[in-house]
Amino acid sequence: MTFFENLKEYNGMKPGLLRIKKFLKNVGNPQDSLKFVHIAGTNGKGSTAVFISEILKSAGYKTALYTSPHLININERIGINGKNISEEIFKDLSGRYIDKAKKYRLSYFEYLTSLAFIYFALAKVDVAIIETGLGGRFDATNIIKKPLACVITSIAKDHQELLGNTIENIAFEKAGIIKKDCDVVCGKLPKKAEIIIKSKSIPYMYGKNFKPDNISTTRTPSQKFDYKSKSLNLRNIEINMLGLHQVVNASVAVCVSEILSKKRFSISRAAIKQGLKSSFWPGRFDIRNLLIDNKRFKIIIDGAHNTQGLNAFFDTFKKLGFAKEKRTFIFAAMKEKEHKQMAKKIVPFAKKIVLPYIKNDRAVNPIDLKKEFSKYISQEKLFVADSVDKALHMFDDGELALTIGSLYLAGEVLTTVQKHNARRS
């Protein structure tokens with residue numbers, strides 16, 4: 001594990017696939033023995049990947065899942081049939097290939113991706129669901145030659161320093177995972193992004209080729225909807241993740257299932273429904289009950305970290321009636337994110353805002369965040385906390401707390417609430 005402990009994930013990033021190609025060739029190209037569903041997008045990649053993975057698992061297939069980032073432990077990123085790679089196996093694999101990783105100067109993400117391919121090949125999985133780390137065209141996962149299906153979940157402005165400043169540029173980078181004659185499924189995309197995707201493929205488009213209907217959402221951690229496409233009508237689907245964006249993600253997963261069914265995968269309607277119902281992805285409008293200092297309160301944990309993500313969060317927040325009164329927010333953001341725009345979106349819903357120090361060098365200093373928020377809300381409503389744990393001791397009995405702005409913040413909050421045996425609401 002030393003390689004990952006000593007190397008920061010975003011340090012030393014250099015576009016290009018040559019390093020990982022050389023490394024994987026040296027270890028026998030394990031990825032070439034695997035079947036893939038490859039997923040890119042600004043938001044929704046992880047949730048969509050989990051939906052697809054659970055459907056295939058319910059259909060009886062040995063299904064691998066590779067996602068990023070992790071919230072608590074690095075092992076979360078690599079799993080088979082819902083079970084994370086064990087500490088023992090991960091340590092053994094990462095130690096076994098470390099000298100070659102250094103020889104080819106692999107980055108953190110390149111080495112982790114390579115280990116996932118090696119692990120999945122050794123386990124002889126039936127199919128691997130792979131989420132890109134960043135972008136698509138030069139992402140380490142893009143050494144996949146021809147996936148069973150490619151998915152573009154969403155396109156919005158994020159990581160502009162690497163992907164470009166326009167929707168067209170970002171769409172072009174994400175569409176880099178599309179291979180010749182590959183089936184492509186798209187979630188809800190801006191028109192400008194659609195044009196780019198359609199220049200590279202004839203995709204199945206959300207809202208045109210497939211769509212949800214009769215959506216029913218409540219404050220319980222589930223919602224129901226129907227699915228309609230040219231070849232499939234599926235009624236009364238239940239998912240245990242909240243928000244219209246999760247209905248979109250689940251619909252994309254069903255469309256992918258339809259494509260796989262045409263490629264000799266046996267996926268029944270019952271498997272689709274069971275897989276979607278059993279899917280859960282922590283840190284996505286994740287409601288927990290907490291007891292701290294003899295005070296009971298609810299906390300909603302969400303990793304929304306860009307404008308599109310915040311829009312989806314607040315859409316759900318309002319539809320479920322949580323916006324009827326102002327709430328207390330815990331907020332943190334990474335330096336490369338649009339934290340100034342996020343601050344503006346949060347303030348109208350905020351009674352007070354707690355800004356904790358988190359364990360990430362890329363995080364914006366809470367003092368700087370306080371200065372930004374003070375443009376829109378009085379100083380008496382802004383608080384800096386030494387840690388996430390300290391922040392969680394600042395809530396009143398019966399209060400609703402919200403944590404938003406970063407998946408890294410969500411991870412620290414989840415780590416802390418687990419110590420308090422928090423239960424899903």
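Here segment 259-289 is the region considered, the condition is being under 18 Å from the mean Cα position of the chain (by Cα) and among the polar types (S, T, N, Q), and the residue that is surrounded by the most Cβ atoms within 10 Å (Cβ to Cβ) is Ser279.
The residues on offer are Thr328, Thr316, and the sole one that is within 28 Å of the chain's Cα centre (by Cα), of a type in the set (Val, Ile, Thr), closer than 25 Å to Thr415 by Cβ and assigned to a strand (DSSP E or B) is Thr328. Of all residue pairs spaced 6 or more apart or on separate chains, those with beta-carbon atoms under 7 Å, a first member in segment 124-139 that is over 13 Å from Ile178 (Cα atoms) and in contact (Cβ under 8 Å) with a residue 60 or more places away in the chain and a second member that is of a type in the set (Val, Ile, Thr) and not in a strand (DSSP E or B) are Ile129/Ile52; Ile130/Thr141; Ile130/Ile144; Glu131/Thr67; Gly133/Thr141.
Yes or no, residue by residue, for (1) surrounded by fewer than 19 Cβ atoms within 10 Å (Cβ to Cβ); (2) of a type in the set (Ser, Thr, Tyr); (3) in the same structural domain as Ala391 (by TED's automatic domain parsing):
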position: Lys224; (1), (2), (3): yes, no, no
position: Lys230; (1), (2), (3): yes, no, no
position: His245; (1), (2), (3): no, no, no
position: Val254; (1), (2), (3): no, no, no
position: Ser257; (1), (2), (3): no, yes, no
position: Asp293; (1), (2), (3): yes, no, yes
position: Ala312; (1), (2), (3): no, no, yes
position: Asp315; (1), (2), (3): yes, no, yes
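Of the residues making up segment 228-239, those that are part of a loop (DSSP other than H, G, I, E, B) and in contact with a strand residue (DSSP E or B) (Cβ under 9 Å, 6 or more places away or on another chain) are Lys230, Leu232.
Is there a residue in segment 31-50 that is exposed (fewer than 15 other Cβ atoms within 10 Å of the Cβ) and part of a helix (DSSP H, G or I)? Yes: segment 31-50 contains one or more residues that are exposed (fewer than 15 other Cβ atoms within 10 Å of the Cβ) and part of a helix (DSSP H, G or I).
Take Asn84 and decide whether it is without any contact (Cβ under 8 Å) to a residue 12 or more places away in the chain and either touching a Lys or Arg at 6+ places or on another chain (Cβ under 9 Å) or outside the structural domain of Gly41 (by TED's automatic domain parsing) (or both). Considered against the rule, which asks whether it is without any contact (Cβ under 8 Å) to a residue 12 or more places away in the chain and either touching a Lys or Arg at 6+ places or on another chain (Cβ under 9 Å) or outside the structural domain of Gly41 (by TED's automatic domain parsing) (or both), Asn84 comes out as yes.
When Asp361 is evaluated against the numbered criteria (1) in contact with a helix residue (DSSP H, G or I) (Cβ under 6 Å, 6 or more places away or on another chain); (2) farther than 24 Å from Trp281 by Cα, which criterion, by number, is the only one it fails? With respect to (1) in contact with a helix residue (DSSP H, G or I) (Cβ under 6 Å, 6 or more places away or on another chain); (2) farther than 24 Å from Trp281 by Cα, Asp361 is out only on (1). Remark: Ile98 falls outside the filter, which requires a residue to be in contact with a helix residue (DSSP H, G or I) (Cβ under 9 Å, 6 or more places away or on another chain), more than 20 Å from Phe23 (Cα to Cα) and hydrophobic (A, V, I, L, M, F, W, C).
If you go through segment 234-251 and keep only what is at pLDDT 95 or above, more than 16 Å from Ala49 (Cα to Cα) and not polar (S, T, N, Q), you end up with Leu234, Arg235, Ile237, Glu238. In this structure, does Ile72 turn out to be surrounded by 21 or more Cβ atoms within 10 Å (Cβ to Cβ), touching a residue at least 60 places away in the same chain (Cβ under 8 Å) and outside any helix (DSSP H, G or I)? Criteria not met by Ile72.
For segment 262-279, a residue qualifies if it is more than 19 Å from Asn233 (Cβ to Cβ) and either touching a Ser or Thr at 6+ places or on another chain (Cβ under 9 Å) or in the same structural domain as Leu400 (by TED's automatic domain parsing) (or both), and the qualifying residues are Phe265, Ser278, Ser279.
Among the candidates Phe225, Phe285, Phe210, the residue that is modelled with pLDDT under 95 and of a type in the set (A, V, I, L, M, F, W, C) is uniquely Phe285. Would you check which residues across segment 317-333 are in contact with a strand residue (DSSP E or B) (Cβ under 8 Å, 6 or more places away or on another chain) and surrounded by fewer than 21 Cβ atoms within 10 Å (Cβ to Cβ) and list them? Listed by number, the residues that qualify are Lys319, Leu320, Phe322, Glu325, Lys326, Arg327. Scanning segment 194-227 for residues that are of a type outside the set (A, V, I, L, M, F, W, C), assigned to a strand (DSSP E or B) and without any contact (Cβ under 8 Å) to a residue 60 or more places away in the chain gives Tyr204, Tyr206, Lys211, Pro212, Asp213, Asn214, Ser216, Gln223, Lys224, Asp226, Tyr227.
Residues of segment 178-195 that are out of contact with any strand residue (DSSP E or B) (no Cβ under 6 Å at 6 or more places or on another chain) and buried (at least 21 other Cβ atoms within 10 Å of the Cβ): Leu189, Ala193.
The values are calculated or read from the model by the stated rules, or taken from the named source; none is laboratory data. Computed from a prediction, not measured in an experiment: that's the story for all the values here. Cβ: placed from backbone, ideal geometry, glycine included. Neighbour counts: every protein chain shown.
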